[in-house]
1. I'd like the accessible area for residue 358, computed on protein heavy atoms only with a 1.4 Å probe and all protein chains in place. Round to 10 Å², please.
2. Quick one: which of 13/406; 39/417; 363/417; 109/138; 363/388; 330/363 span more than 27 angstrom between C-alpha atoms?
3. Show me the GluC sites (Glu not before Pro) within the stretch 346-428 that DSSP assigns to loop and that have at most 12 other Cβ atoms within 10 Å of their Cβ.
4. Go through the stretch 58-69 residue by residue and turn each phi into a ³J(HN,Hα) via Karplus (6.51, -1.76, 1.60, θ = phi - 60°); whole Hz please, and just put x for glycine and proline.
5. When we measure straight from the Cα of residue 377, which aspartates and glutamates land under 13 angstrom away, once same-chain ones fewer than 8 places off are left out?
6. In whole Hz, what ³J(HN,Hα) sequence does the stretch 96-106 give by Karplus (6.51, -1.76, 1.60; θ = phi - 60°), x for Gly and Pro?
7. Pull up all non-local amide H partners of residue 109: gap of 5 or more, or a different chain, and H-to-H distance under 5 Å with H placed in the peptide plane.
8. Using a simple spin-label model with points 7 Å from Cα along the Cα→Cβ vector, what separation in nm is obtained for residue 285 and residue 28?
Amino acid sequence: MFEKSKNAFKEAKKYIAGGVDSPVRAFKSVGGTPVFIEKGEGAFLIDIDGNRYIDYVQSWGPLIFGHADEETLKDIFEAARKGVSFGAPTTLETELAKEIVELFDSIDKIRFVNSGTEAVMSAIRLARGYTKKDDIIKFEGCYHGHSDSLLVQAGSGAATFGNPSSPGVPKDLTKHTLLAKYNNIDSVKKCFEDSKDIACVIVEPIAGNMGLVPANEKFLQDLRELCDKNGALLIFDEVMSGFRASLKGAQGLIDVKPDLVTLGKVIGGGMPVGAFGGRDDIMDMLSPEGPVYQAGTLSGNPVAMAAGLSTIKRLKENPSIYKTLEKRAKRLTNGLKEIANEANIALQVDVRGSMFGFFFNEKEVKNFDDAKNSDTKLFAKFHQEMLKRGVYFACSQFETGFISTKIDDDLIDETLKKAKEVFKGLNG
Ligand SMILES: *Cc1c(COP(=O)(O)O)cnc(C)c1O
């Protein structure tokens, strides 16, 4: 049933490194080969062999209104007809900026870039420029894009100073990145003891890149306090949770105000957009007003802005969307947990707005160590079997799932019916 995709992957591998333009697409952690997509239609993906899938990946988050959404397409076409790029300002940028600034108490000013990676990289540079300090604290299991300073794995033993997790990243660079444990404030205190040169703490307030692992509100409050005490900035990376967990991302659910926020995914409505924003006095440090350099040929691209604006405006006009999507996400995860348990398989589930996660794990997952204890082999089997039955889940245990407005209760019940079959087989 995957013949054409298999051949397409073989062909792609001849010309594209690894056959994919982003490694997670290669299905390495679940085995098999990736399906190549012909098109998307609302809740569904259709591959080049003609198989149809209920899609819980949503391009890894952006497509909250589903695939090829008519209203988004209309706004994209309208913008594209006027020209696809100018390298000069348009009012679309201001319009989208205004929508976002109005929503987030923590954002006075914003700047648009082309990806989440770029947004975070720029925010870190700005935090370093503003504080005139070099070190940063990040958490194990949090992903902030693939820029050098942030590609850091757990250091060995007690050392909190990071080692690069990829060749090509100089140790001289990552020695400025200190690692702490998610939801563990003592590990952050230790970092502040180890270095008096901390520019910022960067955190996913709702971690979505080790599977879905929300932070405790108290933990985030304590982070805020530690940052203030030590003259460091607090950065919330809401590239995934922004406009997903709630209209205001994690900041709509918890009462902690960061100094800088990074956004991406949903704000582009499927087009490549990232953004970072924050307090006036920090954002004014950016070139051309200030000395911290940051730039982009295609930044604020009019077609991408139109897609983002189309999406964000509609979300603001219909805030009840989040309640609806959360209900559906819970229907799915509670259903999965129940039928897993019936098959004597332990499943940990969680939901934040339109984000959901499930771990094949006996214990509650609060940090990356817990997440890594999950049964990834069982997950891989589950993934393969669901794929064969027309359900497209993210191809790794350590990813978050998403509900779009096009996925209704009937599609969720169909998913559960298929999952029931699969779970029965898994424990055989
Ligand atoms: C996806 C993601 C990024 C990276 O965004 P890209 O657009 O893939 O560069 C950064 N931070 C978080 C929290 C993300 O989920």
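The values are calculated or read from the model by the stated rules, or taken from the named source; none is laboratory data. Bear in mind that the values here come from a model prediction, so they are computed numbers and not experimental data. Because the Cβ atoms are built from the backbone with ideal geometry, glycine has one as well, and the counts that use them run over all protein chains shown. These area figures cover heavy atoms from the full protein model, side chains too; ligands, DNA and RNA do not enter into them. Shrake-Rupley method; radii C 1.70, N 1.55, O 1.52, S 1.80 Å.
1. 20
2. 13/406; 363/388
3. 362, 364
4. Per-residue couplings from phi come out as 6, 6, 6, x, x, 8, 5, 9, x, 7, 6, 4 Hz.
5. Here the aspartates and glutamates satisfying the reach criterion relative to residue 377 are 385.
6. Using θ = phi - 60°, the values come out as 5, 4, 4, 4, 6, 4, 5, 7, 9, 4, 7 Hz.
7. 278, 280
8. With each label placed 7 Å out from Cα toward Cβ, I get 3.5 nm.
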